[in-house]
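Engineer: Pasting a structure here, questions to come.
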Amino acid sequence: MEIKVFKNDEEIAEKAAGDIISLVNSKNNPVIGFATGASPVSTYKRIIKAYNEGKVSFKNVTSFNLDEYCTIPKSDKNSYYTFMHENLFDKIDIDEKNINIPDGNPANVEEFCNGYDKKIAEKGGIDIQILGIGRNGHIGFNEPSDIFTEQTYKVKLTESTVEANDKYFGSASLMPKEAITMGIGSIMKSKTIILIACGIEKAEAVRDMIKGNVTPECPASILQKHSDARIYLDEDAASLL
Ligand code: PGA
């Protein structure tokens, strides 16, 4: 793991966006794994700025998103489909047909999930995967558990995750309790992983990820075993290291 502590979210965004732009400008058909949530939003703003300045084009980029809520339609204002379009895809020149976001309501869950991992492999694997981290140490929606999950699958969200995200839905009762997420195995196959964490509420999860045992009770701890995991933290998130 490469751990870098930055003054603030803006500095993290500059570095993370720089890593992505370098990849896109140096590879023919790059594959990027995107994440939703608050953590990558400043990075996406930087990418949009660079695109508007003519410094990068996403025409040849294929994207795969980590996860999507079940039960709500993709047109819902809180779907990750909507999030990604509003915060990034509608503002750059990525081709809609190269965008992959899990279907939260597939007719056949198993078939869909197997197909998602297969498609990632067919595209040559993910070059850079962006991640946030949950307060409970989750990555994607891989919640603390007694096993490290392998492939994309349907997951039941924990109380901690519902509590962290119900603000977007107005109340916990309105928030979906299940999601489709890439598994830990799918994430670990990415060639480079960039995990972004800001704020004091992430400090314990960050400490457990970096200093704790590698255990599915803190899913992010598996990143200790990745050959190119870059952990970008602000000072608050790094305060217990
Ligand atoms: P956040 O979520 O970026 O909104 O803090 C991260 C996560 O739960 O993985």
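The values are calculated or read from the model by the stated rules, or taken from the named source; none is laboratory data. Please read all numbers here as calculations on a predicted model, not as lab measurements. Note that each Cβ is placed from the backbone with ideal geometry, even for glycine, and that neighbours are counted across all protein chains shown.
Engineer: Considering (1) in a strand (DSSP E or B); (2) within 16 Å of the ligand (Cβ to nearest atom), say which one Ile3 fails and leave the rest.
Structural biologist: The one condition Ile3 does not meet is (2).
Engineer: Report whether or not Phe169 is among the aromatic types (Phe, Trp, Tyr), more than 16 Å from the chain's Cα centre (by Cα) and within 26 Å of Ala121 (Cα to Cα).
Structural biologist: No.
Engineer: Among Ile147, Ile130, which is the only one that is within 25 Å of Ser221 (Cβ to Cβ), of a type in the set (Val, Ile, Thr) and within 16 Å of the ligand (Cβ to nearest atom)?
Structural biologist: Ile130
Engineer: Next question. Condition first: β-branched (Val, Ile, Thr) and either surrounded by fewer than 17 Cβ atoms within 10 Å (Cβ to Cβ) or closer than 18 Å to Ala38 by Cα (or both). Can you find one or more residues in region 155-165 that meet it?
Structural biologist: Yes - at least one qualifying residue is present in region 155-165.
Engineer: In region 56-78, how many residues are in a strand (DSSP E or B) and aromatic (Phe, Trp, Tyr)? Steps first, please.
Structural biologist: Restricting attention to region 56-78, the residues satisfying the condition of being in a strand (DSSP E or B) are 62-65, 67-69.
Filter once more, so that each one left must be aromatic (Phe, Trp, Tyr): 64, 69.
The total comes to 2.
Engineer: Being outside any helix (DSSP H, G or I) and among the β-branched types (Val, Ile, Thr) is the filter; apply it to region 187-221 and report the residue that is nearest to the ligand (Cβ to nearest atom).
Structural biologist: Applying the filter and picking the extreme gives Ile196.
Residue-by-condition table, conditions (1) surrounded by fewer than 16 Cβ atoms within 10 Å (Cβ to Cβ); (2) in contact with a helix residue (DSSP H, G or I) (Cβ under 6 Å, 6 or more places away or on another chain); (3) free of Cβ contacts under 8 Å to residues at least 12 places away in the same chain:
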residue	(1), (2), (3)
Asn8	yes, no, no
Pro30	no, yes, no
Phe34	no, no, no
Ala38	yes, no, no
Leu66	no, no, no
Tyr69	no, no, no
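Engineer: A follow-up question, please. Looking only at region 150-176, count how many residues are within 15 Å of the ligand (Cβ to nearest atom), more than 20 Å from Gly199 (Cβ to Cβ) and among the basic types (Lys, Arg).
Structural biologist: 0
Engineer: Let me ask another. Return yes or no: is Ser57 among the hydroxyl-bearing types (Ser, Thr, Tyr) and more than 16 Å from the ligand (Cβ to nearest atom)?
Structural biologist: yes
Engineer: With the condition kept exactly as written, say whether any residue in region 9-21 is at pLDDT 95 or above and either in a loop (DSSP other than H, G, I, E, B) or hydroxyl-bearing (Ser, Thr, Tyr) (or both).
Structural biologist: Checked against the condition, which is being at pLDDT 95 or above and either in a loop (DSSP other than H, G, I, E, B) or hydroxyl-bearing (Ser, Thr, Tyr) (or both), region 9-21 yields no hits at all.
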